[in-house]
Structure formats: structure tokens, C-alpha cells
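Handing you a structure now.
The values are calculated or read from the model by the stated rules, or taken from the named source; none is laboratory data. For clarity, every value in this text was computed on a predicted model and none was experimentally measured. So basically every Cβ, Gly included, is an ideal-geometry build from the backbone, and we count neighbours across all protein chains shown.
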Ligand code: UGA
């Protein structure tokens, strides 16, 4: 099929190259000329493992091209997927990009004679597609929904794993209020054989997206709450607690005497909190929107609150354990909100760094790929390095925030050789406390404090 994608950002670009690799003809539209030039030169403007290679392949095959010309892209395609940003602002999601694109699509559809499907992939709060977006497109196209198709197809891509997620989807959700538009979307996704397709109405599809991210965020905050309770009581290891919980066969069945260990259990882990461009934004948007409709979502509110206090609490713990932080050299391992990405948006690491600076600490931070992005945060007085050795050199203490593989494998001896005083705060519970302590390191893990009473 011929598909146009509006918005060559993270979701749009991944969707585009993957659909092109699956045999569709894809045209990606964006309004930033530099971005278009870069993409057509086979360079991805975003960091995502495997994306450059895939881009090279689909451009080479001639099944993918990027353009500034939305009218051309829509006129020569059957389906347009909208994948522009919907950032969270004070009062809820900002729909300005959706508004602009919907108007443009409407104007183009006014002139287009053949049937065309518009599919919203951007994350929008439930009821946005069937009211707000439908109204704009109808007004500017002077046509009604039905004359053109309108669908909602949420994305479930994880940064750092997006290509694998797109190519091997666990489900495809298509919100469609009529059979004609649903059939077109079903044909588009027919290339993913054996993947369940769930058909819903437009708002249910929107709600599935928010519910999925709310559940992931909830599991993380829940684990952190249990960690905080465990710390307050003392002599309880939250990691053992959660491992104990995860043996429950309703969460983790045994097949052929082997535990299945579903991926969702990885979210039941205590740490410094969740970040990124999706979980924080989506749950705040759902909360704000729910409150506007008159329902106060208490669990989601608490999920956000726990996530906000988690980095603060960890710095308090550091103060408790090693005293005044002013003029202490603190090494921070990891800037990205999670491994395998250079994304620092809402990263717990940045929150911890800000707090450490407020306390007068000298911060030396490292990350294998996110340093350039962190440097753009001009207000932060931090010495950055790509390698952890530079950050650890001469440090009074170190705090691990992002679970990069290369940090997990740092041996106790290396900490001892590099640091002035080998004190390690493990915000992700990656190190072995007994091993570190027997090697002469003061070790403090999140959700694990010595006996209090
Ligand atoms: C998240 C969802 O996982 C995707 O399904 C969704 O499509 C995406 O948001 C989105 O809305 O676009 P992502 O933001 O890439 O994806 O991040 P995750 O991998 O889910 O990580 C989010 C947070 O959970 C991170 O802070 C991470 O450290 C934490 N996490 C992640 C865990 O605690 N355990 C894990 O196993 C993975």
C-alpha cells in the first residue's frame, strides 16, 4: 500500500521505515528541511539502535522517501498516519501540532477525489479523535467522516527497542468507527502475520494507550513505595520482597518446570523512578483530562507523586549516610532515563543531579550516549564525560542511576582504584552488596537499609 506519515519524529520515522521494510511504499512528511535532508541522506536524526541501517536499506530499495510536500504525499497515498508530538503542558496535552496538521490534511482532502484514510498515531486523550480532530478535518475538507476514513492506532514502542517492537508487535489496536476505514488499516497491518488485531472504537483505542502506560508507571511507583516502606522499617531487602512476590504463579507461571518470567515483571523493580518522554507525560495528561471530566484519579495521582519524591529521597539517603554533600565530588553514572537511549527527558538522573548541585556537591556525570543532550541543559554546572573512569576519578561517592550494561560490570576493585573514597549508592540495585562490602566498599542500595530498631 502507499502510506504517508506526517511527522518524522521518533514514532513517525520508526513507523515509516518499518512499514517500508515490510513492503509498503512510504512517504514521510516533516516541516523541518534539515531533518528531511538528513533522512534522505540515510542518517537518522534520532538515536535508536538499528535505525540507520534500516533507513539505508529502505531508501536503497526505493520504498521510503522523506519530503516537505504534504499535499503530494497525501495525494499519492491511500492512508495518512499522523505522528506529530503531543507534549504535556501545565494543564494537559498540547494539541497545537495536531490542530495544524489536521487543518492541512483537511484542505488537501477537499481537493482529493479518491477515498483516503487518516489514522491518528499520536498519543491523544480519549475523545480527541472523534470530536476535536474529526471536527477540524470535516471543516477544512468540507466532507464528513465516512467520505474519508478516520482511525486511531496507538503505538507501543519502547525507546531503545523500537524497531524490534514494531517488527514483532504483541498486538495491533485499530480504533475505527466504520468497516471501510478498518479494512484499509487491516490490510496495512496484514504484513504482520499472526499478530492479534484488536478492533475498538476510536476512544477505546486512545484509552488503551493511556492505560498501558499508566499500568507500567503504577508498577514502578508501587515497587518504589514498597522500597520506601522497607527502608523506613529497616533490615528488609526490597529486591528479595519483590522476587518473593514474583514467584506467584498468577504473575509468573511455570511451564515445563521453568518460570516464564514475563517482561512486565521487570517493571516491578525499585529504583530512582521512571522518566522518558512517554510515561510521565501520559499519566499526567490522563490525570489532567480525567479531572476536567470530573473524576479525580487517586491511584494515578499517587503514582506521579511517588515518582517525584523518589530522586529527592535518594539524595536525602546520601546525606544521611555520608553527611554534608557540599564540596564533595559526586560521580553520577548515567544520564539517560534508561539504558540504550540518549533521551534525558524527565530522567531521574537529571533530577538527582539538580538536587546534588543545590546541596553544593561537585557533580561529575557520565553516560555512553546522552552527554551531548545533557550539555544542552545550560543551567547545570556539571563536568561530563562519556566514560565512567573520568567521572569516578577522585570521587568522594558515586551514585548509579541508569542501568547501562557497562556500569553493571564495573568491578569493586575498579571503584577502589579510581575513587578517593569508595562509597557506592546503587539506585538500580545492580551490584552485589556482600561482594562490594567484602572488597572494602561502603555500599548503599535503594530499598535496603541496615536494621533500624
Ligand atoms: C514506554 C512504554 O513501555 C511503551 O510501551 C510505550 O509505547 C512508550 O512508553 C510510549 O508511550 O511511547 P519507554 O518510554 O521507551 O516506553 O520506556 P520503558 O522502557 O517502558 O521505560 C520507562 C521507565 O520504566 C524507565 O524509567 C525505565 O527505567 C523503567 N523500566 C523499564 C523498568 O523499571 N523496568 C523495565 O524493565 C523497563
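Name the residues in segment 298-342 that are in a helix (DSSP H, G or I) and farther than 19 Å from residue 448 by Cβ, would you?
Listed by number, the residues that qualify are 298, 299, 300, 301, 302, 303, 304, 305, 307, 308.
Follow-up. Quick one: which of 140, 166 is touching a residue at least 24 places away in the same chain (Cβ under 8 Å), closer than 27 Å to residue 370 by Cα and either in a helix (DSSP H, G or I) or over 19 Å from the mean Cα position of the chain (by Cα) (or both)? Reasoning before the result, please.
Working: 140 fails: closer than 27 Å to residue 370 by Cα.
166 is the lone residue from the list that is touching a residue at least 24 places away in the same chain (Cβ under 8 Å), closer than 27 Å to residue 370 by Cα and either in a helix (DSSP H, G or I) or over 19 Å from the mean Cα position of the chain (by Cα) (or both).
Which condition does residue 360 not pass, out of (1) at pLDDT 95 or above; (2) within 27 Å of the chain's Cα centre (by Cα); (3) not in a helix (DSSP H, G or I), if it passes all the others?
All conditions are met except number (2).
Moving on. Does residue 176 fit the bill of being buried (at least 19 other Cβ atoms within 10 Å of the Cβ) and touching a strand residue (DSSP E or B) at 6+ places or on another chain (Cβ under 6 Å)?
Taking the combined requirement at face value, the residue satisfies it.
Under the condition of being within 27 Å of residue 359 (Cα to Cα) and in contact with a strand residue (DSSP E or B) (Cβ under 9 Å, 6 or more places away or on another chain), which residue from segment 271-317 is surrounded by the fewest Cβ atoms within 10 Å (Cβ to Cβ)?
Taking the candidates together, the pick is 317.
Inside segment 193-212, can you point out the residues that are within 16 Å of the ligand (Cβ to nearest atom) and touching a residue at least 40 places away in the same chain (Cβ under 8 Å)?
Listed by number, the residues that qualify are 205, 206, 207, 208, 209, 210, 212.
Out of the residues in segment 269-285 meeting the condition of being more than 8 Å from the ligand (Cβ to nearest atom) and touching a helix residue (DSSP H, G or I) at 6+ places or on another chain (Cβ under 6 Å), tell me which one is nearest to residue 343 (Cα to Cα).
If we take residues in segment 269-285 being more than 8 Å from the ligand (Cβ to nearest atom) and touching a helix residue (DSSP H, G or I) at 6+ places or on another chain (Cβ under 6 Å), then 272 is nearest to residue 343 (Cα to Cα).
Just to be sure, is residue 243 surrounded by fewer than 18 Cβ atoms within 10 Å (Cβ to Cβ), modelled with pLDDT of 95 or more and within 16 Å of the ligand (Cβ to nearest atom)?
So residue 243 passes the test.
Another one. When residues of segment 253-270 are filtered for being surrounded by fewer than 17 Cβ atoms within 10 Å (Cβ to Cβ) and either over 17 Å from the mean Cα position of the chain (by Cα) or within 19 Å of residue 204 (Cα to Cα) (or both), how many remain?
10
What are the residue pairs meeting all of these: first residue in segment 265-283, first residue free of Cβ contacts under 8 Å to residues at least 40 places away in the same chain, second residue near the ligand (Cβ under 8 Å from one of its atoms) and assigned to a helix (DSSP H, G or I), Cβ atoms under 8 Å, and 6 or more apart or on different chains?
Sorted first by the residue in segment 265-283, then by its partner, the list stays empty.
Continuing with this model, one more query. Taking segment 317-352, which residues are out of contact with any helix residue (DSSP H, G or I) (no Cβ under 7 Å at 6 or more places or on another chain) and more than 16 Å from the ligand (Cβ to nearest atom)?
317, 318, 319, 320, 321, 322, 323, 324, 326, 327, 328, 329
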